[in-house]
Amino acid sequence: MARFVSHLFSLFLPLLLSLLVCGLVVALSGGDPAEAMDALLVGAFGSAEGVASTLMKATPLMVVGLAGAFGLRAGRFNIGGEGQAYLGGLGAG
């Protein structure tokens with residue numbers, strides 16, 4: 001159970017820290033952090049079109065991440081994931 005909690009903590013800590021940093025940047029620029037986070041969540045997940053758009057834009061990034069993880073798991077280091085994604089996009093149309 002402790003390992004599961006540790007794993008959850010390692011997953012959500014970066015997310016929480018990134019939201020805190022984003023809120024800090026918004027606050028320092030004179031905006032309302034709560035309003036910005038609301039706009040972020042409603043824009044990404046507030047409607048079926050928003051969810052579809054989020055998934056459409058995130059899928060290539062997830063595939064590149066999986067490709068990098070596969071290479072690292074095999075003991076190889078691949079520094080060309082971003083370029084491969086660009087060329088794959090050009091080749092796909």
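Just so it is clear, none of the values below were taken in a lab; they were calculated from the coordinates. As the structure is a computational prediction, the values presented were derived from the model and not from experiment. Using ideal geometry, Cβ is built from the backbone for each residue, glycine included, and neighbour counts are taken over all protein chains shown.
Below, the figures for the structure above:
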| item | result |
| --- | --- |
| Relative packing of peptides 11-19, 38-46 - highest average C-beta neighbours within 10 Å first | 38-46, 11-19 |
| Furthest towards positive pole of dipole, 77, 65, 9, structure part the chain, Cβ charges | 77 |
| Kirkwood hydrodynamic radius over Cα pairs of the stretch 1-86, then Stokes diffusion coefficient at 25 °C and 0.890 mPa s, in µm²/s | 154 |
| Contour minus Cα-Cα distance for residue 39 and residue 76 (0.36 nm per residue) | 9.3 nm |
| Whole-Hz couplings from phi, Karplus 6.51/-1.76/1.60, listed for the stretch 45-61; x for Gly and Pro | 10, x, 8, 5, 5, x, 5, 4, 5, 4, 5, 5, 7, 8, 4, x, 5 |
| Spin-label pair residue 29/residue 84, simplified geometry with 7 Å Cα→Cβ offset, distance in nm | 3.3 |
